[in-house]
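See below for the structure under consideration.
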Amino acid sequence: MEKVPQAGYNIKGLDISGLNRSSMIKNISLPFKLIRSFFQVREIVNSFKPDAVVGVGGYSSFPVLKYAQQKGIPTFIHESNSFAGRSNKILGKNATKIYVASEGMESFFPAAKIMITGNPVRASIAQSAISREEGIAFFGLDPHTKTILSVGGSLGAKSINEAIAANIDEFGKHNLQLIWQTGKPFAAQGKATAAGKKNIWVSDFITSMEYALAAADLVISRAGAMAIAELSVMRKPVLFVPYPFAAEDHQTVNAQTLVSRNAALMIKDSEAATALVSSIIALANNEQQLISLKENIGKMAFVDADRKVAGDILISINHGTDFAS
């Protein structure tokens with residue numbers, strides 16, 4: 001509700017929430033919110049009169065696409081994960097087309113409707129020409145030292161942060177340097193832990209991620225679909241620590257898809273405290289494995305998913321009109 005208007009687009013909010021899996025009593029109001037959201041959607045759709053409706057999953061997409069399908073408006077779904085969400089699985093039966101990030105999604109959607117497009121990657125990364133040297137200089141680090149990037153999402157990742165903080169001296173002992181995005185909740189502790197260590201750059205958030213990815217020789221990351229898409233485009237060896245409480249544990253499925261193709265490594269969130277730092281150091285010292293992971297994750301990259309999705313939607317609703325025109 002904040003970022004979309006800042007980018008210059010109008011936005012309408014719905015009074016709806018997702019299913020709370022930890023406390024069923026908190027779901028008592030869910031049916032009423034769902035009904036109310038359908039009335040809100042009806043007003044939005046009838047006033048906007050869309051030629052097509054596009055959903056990217058999640059509870060907020062459900063009433064919008066469901067109403068559009070009832071009205072006979074073409075609906076398109078983009079499923080970013082390797083394990084389809086509940087809303088998308090239900091809506092997929094009546095969708096016009098379903099865009100997916102990876103192979104093997106026929107178990108969730110009608111095969112005839114599936115198109116593999118990958119996930120859209122922001123232009124600053126997909127089209128980045130920043131060199132490793134420029135990335136290293138941006139963070140004031142040593143270009144002659146192998147560099148690890150740790151990112152846990154905008155809010156950080158508690159298990160990753162605590163593992164790094166507890167073993168912060170190990171990076172220096174093994175001649176490694178670290179770009180550490182902690183997220184706001186861990187920012188003060190992270191900065192205190194790294195104080196005086198020239199091989200550690202720490203901040204709550206990295207605004208210029210293209211520089212961080214350019215600087216990194218290897219990465220520690222959660223396994224969200226967008227993070228995987230960016231790491232694939234930038235061809236970065238990565239150790240995934242999937243967020244264990246993601247819906248349907250889809251981050252583990254995402255990571256396992258790459259692990260099965262020798263395109264990434266993975267440890268469980270519960271193992272981070274004991275295995276994270278030793279695993280990333282072992283990877284940093286294994287040149288052959290770094291090369292192999294880099295090559296294999298690069299094979300999974302899509303640099304034009306945005307144009308593929310948008311172009312196919314326009315062709316579909318214009319009955320064959322060429323997108324380029």
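The values are calculated or read from the model by the stated rules, or taken from the named source; none is laboratory data. This is a predicted model, so every value here is computed, not measured. Cβ sites come from the backbone with ideal geometry, for glycine too, and all protein chains shown count toward neighbours.
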Qualifying residue in segment 250-259 (condition: surrounded by fewer than 16 Cβ atoms within 10 Å (Cβ to Cβ) and farther than 14 Å from residue 102 by Cβ): no
Tabulated pairs, segment 203-216, first in contact (Cβ under 8 Å) with a residue 24 or more places away in the chain and closer than 14 Å to residue 137 by Cβ, second of a type in the set (D, E, K, R) and part of a helix (DSSP H, G or I), C-beta under 6 angstrom, 6+ apart or interchain: 214/132
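Taking the residues in segment 143-163 that are of a type outside the set (A, V, I, L, M, F, W, C) and more than 15 Å from residue 272 (Cα to Cα) as candidates, determine which candidate is surrounded by the most Cβ atoms within 10 Å (Cβ to Cβ).
Among those that are of a type outside the set (A, V, I, L, M, F, W, C) and more than 15 Å from residue 272 (Cα to Cα), it is 147.
Of the residues 11, 25, which is modelled with pLDDT of 90 or more and exposed (fewer than 14 other Cβ atoms within 10 Å of the Cβ)? Give the derivation first.
Details: 25 fails: modelled with pLDDT of 90 or more.
Testing whether each residue is modelled with pLDDT of 90 or more and exposed (fewer than 14 other Cβ atoms within 10 Å of the Cβ) leaves just 11.
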Near pairs, Cβ below 6 angstrom, 6+ apart or cross-chain, from segment 187-200 (in the same structural domain as residue 172 (by TED's automatic domain parsing)) to any residue that is surrounded by 19 or more Cβ atoms within 10 Å (Cβ to Cβ) and assigned to a loop (DSSP other than H, G, I, E, B): 190/182
Residue tally, condition part of a loop (DSSP other than H, G, I, E, B) and of a type outside the set (Asp, Glu), over segment 281-320: 10
Selection within segment 248-259 - among the aliphatic types (A, V, I, L, M) and at pLDDT below 95: 253
Check on residue 166, without any contact (Cβ under 8 Å) to a residue 24 or more places away in the chain and surrounded by fewer than 21 Cβ atoms within 10 Å (Cβ to Cβ): no
Given (1) small (Gly, Ala, Ser); (2) closer than 30 Å to residue 168 by Cβ; (3) part of a loop (DSSP other than H, G, I, E, B), number of the condition residue 150 does not satisfy: (3)
Among the candidates 37, 17, residue that is out of contact with any Ser or Thr (no Cβ under 6 Å at 6 or more places or on another chain), farther than 23 Å from residue 248 by Cα, modelled with pLDDT under 90 and of a type outside the set (Phe, Trp, Tyr): 37
Positions within segment 197-249 being surrounded by 24 or more Cβ atoms within 10 Å (Cβ to Cβ) and of a type in the set (Ser, Thr, Tyr), in sequence order: 221, 232
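Picking from 308, 299, which residue would you name as being closer than 23 Å to residue 100 by Cα and surrounded by 15 or more Cβ atoms within 10 Å (Cβ to Cβ)? So that I can check it myself, show each step before the final result.
On the way: 299 fails: surrounded by 15 or more Cβ atoms within 10 Å (Cβ to Cβ).
Residue meeting the stated conditions: 308.
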Matching helices (runs of 4 or more DSSP H) fully within segment 52-143 where at least 2 residues are touching a strand residue (DSSP E or B) at 6+ places or on another chain (Cβ under 6 Å): 61-70, 86-92
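Across segment 153-180, what is the number of residues that are of a type in the set (Val, Ile, Thr) and in a loop (DSSP other than H, G, I, E, B)? So that I can check it myself, show each step before the final result.
Initially, segment 153-180 is screened for residues of a type in the set (Val, Ile, Thr), giving 160, 164, 168, 179.
In the following step, the residues that additionally are in a loop (DSSP other than H, G, I, E, B) were identified as none.
Qualifying residue count, segment 153-180: 0.
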Pairs where the first residue, in segment 113-132, is free of Cβ contacts under 8 Å to residues at least 40 places away in the same chain and the second is assigned to a strand (DSSP E or B) and not aromatic (Phe, Trp, Tyr), C-beta under 6 Å, 6+ apart: 113/97; 113/98; 114/98; 114/100; 116/100
Enumerated helices (runs of 4 or more DSSP H) restricted to segment 181-247, each holding at least 3 residues that are touching a helix residue (DSSP H, G or I) at 6+ places or on another chain (Cβ under 7 Å) and at pLDDT below 95: none
